[in-house]
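The values are calculated or read from the model by the stated rules, or taken from the named source; none is laboratory data. Please read all numbers here as calculations on a predicted model, not as lab measurements. Every residue, glycine among them, receives a Cβ derived from its backbone with ideal geometry; neighbour counts consider all protein chains shown. Remember, those area values only see protein heavy atoms, side chains included, never the ligands or the DNA or RNA. Shrake-Rupley method; radii C 1.70, N 1.55, O 1.52, S 1.80 Å.
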Amino acid sequence: MRIEAYAIISEDGMIADAAGRMPAVLTVEADQIFFHDGLDRAAVVVHGRHSYEGGPQAPARSRLVVTSRVASLAPDRSRARALFWNPAGASLAQALAELGISSGTIAVIGGADVYEVFWDPGYDAFHLTRVAGARLRGGRAVFRALDSRSEHKTPEDVLASHGMEPGPAMGLAPDVTLVTWSPAH
């Protein structure tokens, strides 16, 4: 299976404001098109309890909702094709088997704790979109490693520390850049 992540961040590396909400400044039409196209091709979407991608195809997608509120795996009664998954109680292989998924792309859409789960086995691609000029002081960082005690100062530092290297930057809109990071060769 291929593992791809998607994140859109502010200039200061945040994916949400202090209340945990994604502000309008991080909703960019070109990025939304790229994001939803990727999710439409994925076999399963993985996210935390507070993340949700929306859009007209959302109800049809298979998904794993990462949470510590279940011991291992449990059905998400609010979504027919969703499963609550606690990585401490069940392996990714077990979760995928429960959904009947044996091949395809795993699309990881956050938040920070969910991105952490996939450092090992590792990402095949991490699509990082940055909105220049947007600042979310006191917001929620894209990676846990960006706390004040860490040597990592930017999301790019974190990706590089996990053996990832950037591809070419692609402008999606004024002040909005997408870079796909891949394992270094």
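The table for this structure:
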| read-out | value |
| --- | --- |
| Estimated distance in nm for a label pair at Val25 and Asp40, the labels positioned 7 Å out from Cα along Cα-to-Cβ | 3.0 nm |
| Nearest 10 degrees, 0 to 90: helix 29-41 Cα axis against the chain principal axis | 30 degrees |
| For the range 34-171, size of Cβ-based charge dipole, Lys and Arg +1, Asp and Glu -1, in debye | 600 debye |
| Most positive-pole-ward Cα, Gly167, Val142, Trp181, against dipole of the range 115-182 from beta carbon charges | Val142 |
| Relative contact order (percent, whole number), the chain, Cα cutoff 8 Å, 6+ residue spacing | 31 percent |
| At most 16 other Cβ within 10 Å, DSSP loop - chymotrypsin sites (Phe, Trp or Tyr not before Pro), the range 91-185 | Trp119 |
| Beta bridges per DSSP with both ends in the chain, % antiparallel, nearest 5 | 45 percent |
| Positive dipole terminus of the range 54-123, leading residue within Gln57, Ile109, Leu96 (C-beta point charges) | Gln57 |
| Square roots of five times the Cα gyration tensor eigenvalues for the range 88-185, Å | 26, 17, 14 |
| Accessible surface, 1.4 Å probe, highest first, among residues Met14, Met1 | Met1, Met14 |
| Structure-based [θ]222 nm, the chain - -39500 (n - 2.57) summed over DSSP H runs of at least 4, per residue, nearest 500 | -5000 deg cm²/dmol |
| Cα-based equivalent ellipsoid of the range 1-98: semi-axis lengths in Å, sorted from largest, via gyration tensor | 24, 16, 13 |
| Gain on full stretching of the segment that runs from Val179 to Ala97 - 0.36 nm per residue minus C-alpha separation | 26.4 nm |
| Å³ per residue enclosed by the Cα convex hull of the chain | 121 Å³ |
| Projected label distance in nm at Arg137 and Met1, using a 7 Å step from Cα toward the beta-carbon | 4.2 nm |
| Separation of alpha-carbon centers, the range 1-58 and the range 71-140, rounded to whole Å | 11 Å |
| Top of Ala71, Ala125, Ala42 by mean-square fluctuation, Gaussian network on the chain, Cα under 10 Å | Ala71 |
| Residue of Ile15, Ile33, Ile101 that the Gaussian network model of the chain assigns the largest fluctuation, springs spanning Cα pairs under 10 Å | Ile33 |
